[in-house]
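What follows is one structure encoded as structure tokens, with my remarks underneath.
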Protein chains: 2
Amino acid sequence: MQTDSILSNISKHISLDKAEIKYFLSLLRTRELKKRDFLLRAEEPCTAINYVNSGALRAFYHDQSGKEATIMFAVADWWVTDMPCFANQIPAMINIEAITKSSVLQLEKEDIERLYIKIPKFERHFRILMQNAYIREQLRTLQNLSMPAKARYKIFLKKYPKIAQQVPQKNIASYLGITPEFLSTIRRVK
Amino acid sequence: MQTDSILSNISKHISLDKAEIKYFLSLLRTRELKKRDFLLRAEEPCTAINYVNSGALRAFYHDQSGKEATIMFAVADWWVTDMPCFANQIPAMINIEAITKSSVLQLEKEDIERLYIKIPKFERHFRILMQNAYIREQLRTLQNLSMPAKARYKIFLKKYPKIAQQVPQKNIASYLGITPEFLSTIRRVK
DNA sequence: ACTTCCACTTAAGATAGTTTAAGAAATCGT
DNA sequence: ACGATTTCTTAAACTATCTTAAGTGGAAGT
């Protein structure tokens, strides 16, 4: 199991001794995904939170009319799940699909709850992760409300240049909340 | 100082003994706001996180062109701050204004950091708050991307009926990301 | 090598939301 | 209780973004 990356992710916020590291790692399970495999499908139970070791994934919502809204991309060193459904143990609303061959480490809901009890420091780690996720989402809301699509696209390119190269245009369009056709016209006129 | 409400807010997630309660309360400072007073102004340092005892507040962003985007409302039993700026100790981007006469309890950044060290259980409390805030924002993003204004308005009314009654229409419009005029036409046709 | 499929582009017509302006209704200060 | 301000509504003209449709090029499958 590839564990260097996740341990360095965690050591950004808390420090663990050998026994704690061993216990933590014992809770993880590797999941390998080929391009276009689903890590999670809507309607299924969402039981795990996932750390991305390598590759790129996309979390998206499929509305009644079949239109897709991309909630987030996740590349190496990101955590991803359907948080509303993971937290409340209800069926997933969103899908998570591998855009490229990917490798993730999964931590099950029951195990993370045990982890919080056994090693309370992890509350801090995930408090900081949740705080950062909240901050990111809030800034995104702010941009969605106050900026036209073109400005949002430029910010996206600046903020996530790697992702912009790894994923198809139509996914970026659905992240920005516009159609692929309209993204195309935005791109035409620099 | 009114403390019943905040203690019951905290006891939803963690339990404190007498000494811990005493210490926690010693860190709080009451702030009374008249209607239209600002709890925080853009550009100023954002040093505190605020718990709303009573009243109603609105957090909003003012873009270059002077257009307002309402980030969130906060009524009794909500926590509010400019989280990006609070977390990173940079000048505030948003304003927080009292919509009605309000009373809040403030917890300073340095104090909350001390609190995390002295009573680590609070990491859990704020982990859950941050997680809920993240979930709320993510659902909002999803709605902003995949629904027209009218559907978003209906959801807003359903989710926050109290707020809908307490705040002016134009604020709701700026929360939804539309003009007050357009909100008016949406409301006309039930 | 050929076919099929999918991503991306372009363009025309349709719709959701904005802007401007004006009047009506509610609220505020004195 | 009054006038002054602010909020809400209505309507017309305008703009951003969507829908549909058609065409191009590249990737994948056989």
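Here are the numbers for this structure:
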{"item": "Identity of the residue in segment B:42-68, within 11 Å of chain A (Cβ to nearest Cβ) and open to solvent by 70 Å² or more (accessible area, probe 1.4 Å), that ends up nearest to the chain's Cα centre (by Cα)", "result": "B:HIS62"}
{"item": "Residue ranges of strands (runs of 3 or more DSSP E) in segment B:29-121 with at least 2 members under 19 Å from B:ASP4 (Cβ atoms)", "result": "B:29-33, B:48-54, B:68-75, B:102-108"}
{"item": "Filter result for the condition that a residue is within 11 Å of chain A (Cβ to nearest Cβ) and within 16 Å of DNA strand C (Cβ to nearest atom), over B:ASN144, B:ASN132", "result": "B:ASN144"}
{"item": "Matching residues in segment B:60-76 - criterion: being within 16 Å of DNA strand D (Cβ to nearest atom) and in contact with a strand residue (DSSP E or B) (Cβ under 8 Å, 6 or more places away or on another chain)", "result": "B:PHE60, B:HIS62, B:ASP63, B:GLU68, B:ALA69, B:THR70, B:PHE73"}
{"item": "Every residue from segment B:13-41 that is touching a residue at least 60 places away in the same chain (Cβ under 8 Å), closer than 18 Å to B:GLU110 by Cβ and open to solvent by 60 Å² or more (accessible area, probe 1.4 Å)", "result": "B:ARG29, B:ARG31"}
{"item": "Residue identified as buried (at least 16 other Cβ atoms within 10 Å of the Cβ), within 16 Å of DNA strand C (Cβ to nearest atom), away from every other protein chain (no Cβ under 13 Å) and assigned to a helix (DSSP H, G or I) among B:ILE186, B:ILE172", "result": "B:ILE186"}
{"item": "Members of segment B:148-169 that are within 11 Å of DNA strand C (Cβ to nearest atom) and basic (Lys, Arg)", "result": "B:LYS150, B:ARG152"}
{"item": "Selected residue (criterion: surrounded by the fewest Cβ atoms within 10 Å (Cβ to Cβ)) from residues of segment A:117-156 that are more than 16 Å from DNA strand D (Cβ to nearest atom) and polar (S, T, N, Q)", "result": "A:ASN132"}
{"item": "Cross-chain or 6+ apart pairs with Cβ under 6 Å, segment A:179-190 first and closer than 17 Å to A:PRO168 by Cβ, then open to solvent by 100 Å² or more (accessible area, probe 1.4 Å) and away from DNA strand D (no atom under 11 Å from the Cβ)", "result": "A:PRO180/A:LYS170"}
{"item": "Number of the condition not met by B:ASP82 [criteria: (1) away from chain A (no Cβ under 11 Å); (2) free of Cβ contacts under 8 Å to residues at least 60 places away in the same chain; (3) among the charged types (D, E, K, R); (4) more than 15 Å from DNA strand C (Cβ to nearest atom)]", "result": "(1)"}
{"item": "Filter pass, B:GLN165 being assigned to a strand (DSSP E or B), surrounded by fewer than 18 Cβ atoms within 10 Å (Cβ to Cβ) and more than 10 Å from chain A (Cβ to nearest Cβ)", "result": "no"}
{"item": "Residue check, B:SER184 within 11 Å of DNA strand D (Cβ to nearest atom) and in contact with an Asp or Glu (Cβ under 7 Å, 6 or more places away or on another chain)", "result": "no"}
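The values are calculated or read from the model by the stated rules, or taken from the named source; none is laboratory data. Please read all numbers here as calculations on a predicted model, not as lab measurements. All Cβ positions, glycine included, derive from the backbone under ideal geometry; neighbour counts span all protein chains shown. What goes into the accessible areas is simple: the full protein's heavy atoms, side chains included, and nothing from ligands, DNA or RNA. Shrake-Rupley method; radii C 1.70, N 1.55, O 1.52, S 1.80 Å.
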